[in-house]
Structures are given as C-alpha cells and as structure tokens.
There are 2 protein chains.
Amino acid sequence: MGRLVQLLLLAFLMPGLAILLPPRLKALSNLHLSTSFTSRSSIVMKYSIHYMEQKIDHFGFNNEKTFKQRYLIADQHWRKEGGSVLFYTGNEGDIIWFCNNTGFMWDVAEELKAMLVFAEHRYYGQSLPFGADTFQDPKHLNFLTSEQALADFAELIKHLKRTIPGAENQPFIAVGGSYGGMLAAWFRMKYPHMVAGALAASAPIWQFEDLVPCGVFMKIVTMDFKRTCPNCSENIRSSWGAINRLTRKSTGLDWLSKALHLCTPLKNAQDVQHLKDWISETWVNLAMVDYPYESSFLQHLPAWPIKVVCQYLKNSNLSDKELLQNIFHALNVYHNYSGQATCLNMSETSTSSLGSLGWSYQACTEMVMPFCTNGVDDMFEPFLWDLKTFSDDCFKQWGVKPRPSWITSMYGGKDISSHTNIIFSNGDLDPWSGGGVTRNITDTLVAIIIPEGAHHLDLRANNAFDPMTVLLARSLEVKYMKQWIRDFYASLRKKD
Amino acid sequence: MGRLVQLLLLAFLMPGLAILLPPRLKALSNLHLSTSFTSRSSIVMKYSIHYMEQKIDHFGFNNEKTFKQRYLIADQHWRKEGGSVLFYTGNEGDIIWFCNNTGFMWDVAEELKAMLVFAEHRYYGQSLPFGADTFQDPKHLNFLTSEQALADFAELIKHLKRTIPGAENQPFIAVGGSYGGMLAAWFRMKYPHMVAGALAASAPIWQFEDLVPCGVFMKIVTMDFKRTCPNCSENIRSSWGAINRLTRKSTGLDWLSKALHLCTPLKNAQDVQHLKDWISETWVNLAMVDYPYESSFLQHLPAWPIKVVCQYLKNSNLSDKELLQNIFHALNVYHNYSGQATCLNMSETSTSSLGSLGWSYQACTEMVMPFCTNGVDDMFEPFLWDLKTFSDDCFKQWGVKPRPSWITSMYGGKDISSHTNIIFSNGDLDPWSGGGVTRNITDTLVAIIIPEGAHHLDLRANNAFDPMTVLLARSLEVKYMKQWIRDFYASLRKKD
C-alpha cells in the first residue's frame, strides 16, 4: 500500500495542492479524525451559540490580537445545585458537527445534572484567527498548536465560571474523542485546576516517536478483517500483487478499470498507486467505523460493515482476476452501499465538517505520528516510516519542520502516572487503540476496553444495537465521573 | 513611601531609562529577586560550563531559530548507581552567581549522591536569545516567559538524560529560590515526568491577583522591625511625616541633606520622593536579608541587621529632627557598615549579576504582583495598587500590556491540590512568605516554615550561626527528597 500511511498524515503536503488535491486524499487525511454519527431523534439537541474573544497568542505579549472562539452551550438538564459541566474539548473540525454527533454527552446530561459545553478548536470551523488568511503561510499558522488550544479551553472555562451564575463552584469534566480525546487527557494533565477529570475516548496519546511500534495501527486494521474470516485479510494481502502483475500490461489497466467499475480508467503507474492507496484507505476506514449498526461516514454503511465486505473475500486459491473481481464487490459495500452509483469514484470526498488543512499542518508540526507496514504482520504493501522524507515534504508544503519528540517532552509520553482522574477508553476494533492507553496506570488513571468497539463507539449515542460491552463502558465512565463530581463537592465543603 | 512598591516591579518602566536609570532603582527592581550569599570555603565549588541549543520559540513553528542556553554541571559526588540529579531552575540572573550562592545543593550533594545542574534562565546571564538585540523591542522580548523557560528546562533534562550515560534512569529534582522557586514548583506541576519533585524555597506563587492581600508584603516587613522593638517600626512610620514637614521649606531640604549625610543634596519635591523610596527600599532589603550571620547584599551587613538598625530607633517622643537623626544612624548600618563612606549615596547599585531589564519586562507581562500599603497595618506611607497606571506605564516602557490573571489560569492559583511532591519552604521573616504556601496542602504538597528565616535562608550554605529552625528545615527537605528518590527507584523496579 506504499504511500497510504504517509498520506494519512501527509495528505496536503504537496505544494499548492491544498485546493487542487483530489478529494480522496482529503478523506485520507481525515481518517484518524472523528467519524460522523447516525443522527438520533430520541433526544432533541438544542444548544445556543456563543463566541469568546481569545488571545491569538497566549504565550507571548508582542501580539495582542484576538479572535472569536465559537462555543455551544446546552443547559436543559443543568442544575445549579449539585450540577456539573461536561466540557467537550473540540478537535479538528466544526464544533456543531461534534456537538450533534457526541450523543453520549446528551444521553448522560440529565443523570449528571450537567451543562454541556462544546468548545471549538482554534483554526477549525468558525474559529479562524485570521479569517480568510488563516492558512496563508507559516506566520499565520504559527498559533495552531495543542498548547494554544488548551490555553483557549482554560480561558474559556474561566470565562464561563465568571459569567454564568452557579457555574463557578461546579466541577468541569473534559470529554473528547480521537485528537479531542488527546486534548481532554492533556488538559487534565496540564490544567488539573480547571477540570476534575477527563474522559479521553480513543485517544492515541502514545502514537508518537517509538512509544508504540509504528506498525501497530495497520496490524489492527488487518486483525479486524482476519477475525471476521482469515481468508479475508489474506485475499486483501494478495490483491496488491495481483494488481501489480495485471497492471504491468496496458490491457491489464483496461481490464482492471472495468472490473472495478472505476469512473475514471487507470492510465499509468501513478494511477495504479492512487488506486492502491484508495483501496487501502477503504479498509482503514472500515476498521474505524466497524459499528454494530447502520451508520454514515464517507458513505452510508451497513451494520458490521467488515462482515459484509468479507463475505466477498471468503474464497482462497483464486486467480488474480477472480480475486480482483471479488475485491470490487467488497469495495462496492463501502463505496456503493445504496447501489445507486454506476461506477466507483476514487475522488469522492469526506465530510467538509473536518478541517483537513489545519490537521495537515498539525501533523507536520507537533502531531508527528509514525506509521509503517511490513506486509507480514499486516495485509498491506510494506512501507517504512521515513522521518526525513516526511520532514522534507512538510517543509515543502507548509514551510515548517516537524518536531517529532516535542509532544513527548510536553505531555510525558508513557510517564504519566503522577496525573489523576483520566479515563482512557478504547475499542479493540479501533486501529487507533494501538497508540492508546489500554491498561490501568493507577487507580485514577484507568483504561476501559470495549472488545466490540470501533473508533470511540462509547461517545456515540445510545443505540438498540449497541453491544453489551459498550453499555458497560459507558456506565463505568458515568460511575467515574460521578466519583469525580462527589470528590469535587467534598473538597469544596472542606474549604468552607 | 508612595511609589516604592510600584517601583519594586516598575523600576524600568520610564521610557528610555533602561540605561540612564539611577542605579538605586535597579536595586529596587531586584528586591524580590535573590539575595547574594556569603562565600564559603569549606566546600570547593567546582563545575563545568556547557551550552545547549534551544528553540527560541517552543510554542510555535514559524521561528526555527535557536540560542545557546548556558548550564553548569558539578558531578564530584554523583553516583551512577542509585544517584540523583538536583536541577536548579535558574531565575532572573547569571547562573554562575546562583551556582556559587546556593550552598545547600553543594552541602547535600554527597548525601544524595547527586549531580548538580544549574540551568540558566533565558534572557539572563549569557543565555540571551538575540545577543545585543535581546532587549531591543517587544518582538525580541516576546519569548521571555515562564512557559518558555520551563520548556527550556524540559528539553535540557531530556538532553542530559540522552547524553550523560547513567543519567537516564535517575530521578531529577527541581530546586529553586524566589522566582526560581516558583519555577521549580511550576516545573513539577507542568512536567511531572521530568522531575520527581521540587523544592520551592521562598516562592511567592500566590503573590498574584487577589490570592493574598496586596498589603501582606509590607506588613511582614513592618513586623520584622516591630518584633525587634515596637518603637522601631513606629519611628519609621513617623519618619515620613517628619520628612514631609521638614522638606516643605528649603531650609529643611538643606538640613535633611546634611542630617542624612547625603552625597547629593535634596533640591525639590521629586528628590524627596526619591529619598523616601530609597529609605523604604532599605527597610525592605533589611527584611529580606535579616540573616543570623554577617552577609553581603548591596552592602556588607552585620548578623541580624534589623536588630542593629533598631538600636537607633528605640526612643519615642522625639522631635522631627531628632527622629531623622536617628534614621540616619539606622540607614548607616545598612549603607555604611564598614564606616568607610563619607556620605550616603542614593544611587548605589545592586549586584550586576541580576538581570534587571529582563525582570522588569516579566513584571510587565506575566509576573504582575499587586502591592499596596495603608500606613496602618504597615509602617509605610499609604499606596494603592492601581492596575491601570501600572499597565499604562508598562506599555510606555515595553510596548506590552500585562495580563494579571494569566499566571493563575496557567498555574492554578490556590487550586493546586492535585499535584504532588513539592516542598514550599518559607521563612517567617521573609516578606515574600506572604505570597507563599505556608500550610500543607496534601501529604505530598508540604509547607516548611522557618520561624527565624529570611529570604530562602534554607538554600544558603550551612553556617555555624544558623538557627536550629533552618537546620531542621534543611534536614526535612533532605528527608522528602530521599523519599522521592526511593519512590522513583521503586517504581523503576516495578517497570522492569
């Protein structure tokens, strides 16, 4: 699969491609971000929209400029007596999208007497520090860091405590998923005076440097297919060679374009590479969104989509052409579940709610996550992690150089045991669990595993098809949060 | 005393005065900084000097420039087996000066098998990010913040662990006094993965916003004089009125200039204000350096200098002139202990080892410490804390505006109970103890009080005249540090 894992983070590294980039690469760059959720009707999501003036630079005094950070408040279930505030640490996208799609918070609001706050991450959604110039150059992008985002959250909480009567003496709890989960955990680590605890769902805080093997992500993707049916992952592994063999001849290019019903026929080796990246991306996406019920991500998907996909990849000992015909049917599940499409379009887009530009910059600066494959422990073509190439590409695209070890310096890497009150939840099916905290570190730094969970399934709204494991996870999460709330009020009473 | 407390932090706020400023104002701005120490001969202070390339901006990626941070290493007593590293979090001055004058670390090195590291604070000593341009304008000063300094320390520790064989798996402990003590505490709070604990001596981490009453500092200064002899503080309080009454007439100006043996006669009301500031500064200095043995600060001083001073201020019911003649004798203790001076010079300087320029900028940005007096609870002329004036002056001098609440947002204010392993030591005589942590917060966030201690007496070298209370404090500090070291090695063994 060659450049896929690189593309995962590099999507926009080709100079000038920010706008011209084929949309499918946008999808790649969004992969590790959040997945969208099925809409739900049982709870009405009613919120008010607010803006707060934030310093563009919290860490220097030369730039006194400000920007408007957007945040949402839902206080239907909030109680001034004994209540709490669930504070969503927004990640790389439009905050309304996250608000509408983090059903868990809405589901538990009443039980926790909680106000819900959703804070938009700077440089995403409407919270653009320099308006149309925001992504213009490294100078304007200079203030897009996790540290600045955490400082925004701190100042916002301070502002809420000052301006909302009753909020001052209530416990705030950080909640986030994926990168937002990392932010929730880091926020509790760095600003424990601001939040009583943090729920960090599917937060790969160890997907940096050599804290985990660079191959773990794709290994889990592979496992997701293998556990459904061993031949499924084997067939996918074999498919790359089949593609390579067939496409050496121009007749093969034609045949494959037709066999896969591609909207745009393959013309050369570069197209073939793009095809392989696009197929790899499909498998990765499926691993992330392998939810137990119908849902929507890039496309509408059936329940347990990998099972459906693997039905087409059960047989072994196939010829190259037979295999690739089956691959077409498998891809069709993901890219044409509705059956409406007359061809498969390699340039289909992901949701525009996620901010690809911003994330591409972050991946090129702080969020340097090494990925690799070897084709043995995983079902992809071998790919070595190469920091030098990565760095050079980043410099070409953004004029910045990544600092791969900075996140570890800043947030402690594996050495986080002195912190308290963080829940790390991970689904076994989620490839990002490879970089997550999946064992208890202390009594108050706890890991919750959801054996049948894909990417932050626990943050999604309750669903009749939820497996028992995610129901247990959510109830454990609520139990911990209630404990933090009790502890907070107990220590408040002590002070009086 | 009017502007004194303002001058404490504002010393350089008059535009263009950076160089031309009368040296006595430099002394004022250095007041709350560290005091110098008597030299000691029992332990030879032998260290090597090193430099590390540090990013000028840890929190952004647009500026890839670096500077050389100086640091010192003394490893005579270091043991690779079971040893430790005491890491001095340098404050606002030349690191060699701090190294030579933090005898405590040298005294305990052998017992803790400790390597001593002294890290210079950026923008001080030789660690100037932009050489001669460092203090030129807000643009060059933009990277002078406590956050950047802490990040320097983190990167330096990482560097030491990587490059010194044996250091990687050893516990580092942060040690600092005054602002350096604040940095030590904050470093443990923000980077607990880097240091097993912190000794924060005389660290006024609560001298911000309204965390403590703005009058507490001068109240303690007053108490130091009052406890020696009640008339002493009363006489000082009366002296301002006496000066005001006398200097309304030009004959009074002449008389007072002669009575105080001033090198430069008083000419106008402005000179009188300067005189009062200079006298106030003297009392403040004495409170900070009221050590039990002869020592040197701005001048050579006797043991328990306030006792000596107050011998001249015992009598009550004096006329204005009699009182001011006594004030002269009292001032003479501080400014002319040697008896060599033929007149008192209001423009005498403090040590050049402290970086007044840098601190003045820091006081105008993050380190906004409100001070006030009312003339009732203290012996000074009333002075209101006025943020607006302060801010305007800062803008005039540095082109920046202070953010008085930022330090509290960043470091938690009084809400620090979730942190661990910090010793806050304070001397009861030290005016800075008013903004310090003087009660245990938890089992591992402990306060040590030194009833007979002035400004971080515990960090000074052992001395035959040390009171029992400081010996006890030091031994308690060592006890805690040994516990951290034991805990560190125990958790290391668990990991194996």
Restricting to helices (runs of 4 or more DSSP H) lying wholly in segment A:354-451: which have 1 or more residues that are without any contact (Cβ under 8 Å) to a residue 40 or more places away in the chain and either more than 14 Å from chain B (Cβ to nearest Cβ) or under 28 Å from A:M223 (Cα atoms) (or both)? A:387-398
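Conditions (1) touching a Cys at 6+ places or on another chain (Cβ under 8 Å); (2) in the same structural domain as A:V284 (by the TED database); (3) more than 25 Å from A:C364 (Cβ to Cβ), marked per residue:
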position: A:F395; (1), (2), (3): no, no, no
position: A:W398; (1), (2), (3): yes, no, no
position: A:I407; (1), (2), (3): no, no, no
position: A:S425; (1), (2), (3): no, no, yes
position: A:P431; (1), (2), (3): no, no, no
position: A:G435; (1), (2), (3): no, no, no
position: A:T442; (1), (2), (3): no, no, yes
position: A:L445; (1), (2), (3): no, no, yes
position: A:I448; (1), (2), (3): no, no, yes
Being part of a helix (DSSP H, G or I) and of a type in the set (S, T, N, Q) is the requirement here; does B:S238 meet it? yes
Hey, any hits in segment A:115-122 for a residue that's under 20 Å from A:A363 (Cα atoms), out of contact with any Pro (no Cβ under 8 Å at 6 or more places or on another chain) and of a type in the set (D, E, K, R)? yes
So which residues in segment A:304-328 are over 15 Å from A:L246 (Cα atoms) and among the small types (G, A, S)? A:S316
Regarding B:K276, is this residue surrounded by fewer than 20 Cβ atoms within 10 Å (Cβ to Cβ) and either at pLDDT 95 or above or on the phi > 0 side of the Ramachandran plot (or both)? no
Search segment A:142-163 for residues that are closer than 17 Å to A:H50 by Cβ and pair each with any residue that is surrounded by fewer than 22 Cβ atoms within 10 Å (Cβ to Cβ) and of a type in the set (D, E, K, R) when their beta-carbon atoms are under 7 Å apart and the residues are at least 6 apart or on different chains. A:K161/A:E168
Can you confirm whether segment A:212-233 contains a residue that is within 14 Å of chain B (Cβ to nearest Cβ) and surrounded by fewer than 22 Cβ atoms within 10 Å (Cβ to Cβ)? no
May I ask you to list the residues in segment B:308-346 that are outside any loop (DSSP other than H, G, I, E, B) and of a type in the set (G, A, S)? B:A330
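Here is a check on your reading of the model: is A:L156 in a helix (DSSP H, G or I) and either surrounded by fewer than 24 Cβ atoms within 10 Å (Cβ to Cβ) or within 14 Å of chain B (Cβ to nearest Cβ) (or both)?
Taking the combined requirement at face value, the residue satisfies it.
The rows are residues; the columns are (1) of a type in the set (A, V, I, L, M, F, W, C); (2) surrounded by 20 or more Cβ atoms within 10 Å (Cβ to Cβ).
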| residue | (1), (2) |
| --- | --- |
| A:S48 | no, no |
| A:H58 | no, yes |
| A:V85 | yes, yes |
| A:E110 | no, no |
| A:L116 | yes, yes |
Checking A:D290 against (1) part of a helix (DSSP H, G or I); (2) in contact with a Phe, Trp or Tyr (Cβ under 8 Å, 6 or more places away or on another chain); (3) closer than 30 Å to A:P467 by Cα; (4) of a type in the set (D, E, K, R), the condition it does not meet: (1)
With the requirement that a residue be out of contact with any Asp or Glu (no Cβ under 9 Å at 6 or more places or on another chain) and either closer than 22 Å to A:E81 by Cα or crowded, with 21+ Cβ neighbours inside 10 Å (or both), what does segment A:467-490 give you? A:K479, A:Y480, A:M481, A:Q483, A:W484, A:I485, A:R486, A:D487, A:F488, A:Y489, A:A490
Would you please name the residue that is nearest to the other protein chains (Cβ to nearest Cβ), looking only at residues in segment B:52-107 that are basic (K, R) and in a loop (DSSP other than H, G, I, E, B)? B:K65
Of the residues B:A185, B:A198, which single one is part of a helix (DSSP H, G or I), surrounded by 24 or more Cβ atoms within 10 Å (Cβ to Cβ) and within 14 Å of another protein chain (Cβ to nearest Cβ)? B:A185
Please go through segment B:56-80 and give me each residue that is at pLDDT below 95 and charged (D, E, K, R), ordered by number. B:E64
Residue that is surrounded by the most Cβ atoms within 10 Å (Cβ to Cβ), among those in segment A:132-145 that are assigned to a helix (DSSP H, G or I) and within 10 Å of chain B (Cβ to nearest Cβ): A:L141
Would you check if there is a residue in segment B:101-111 being among the hydroxyl-bearing types (S, T, Y) and closer than 18 Å to B:V44 by Cα? yes
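The values are calculated or read from the model by the stated rules, or taken from the named source; none is laboratory data. Predicted model, so just to flag it, every value in this text is computed and none were measured. In this analysis, Cβ positions are derived from the backbone assuming ideal geometry, glycine residues included, and neighbour counts consider all displayed protein chains.
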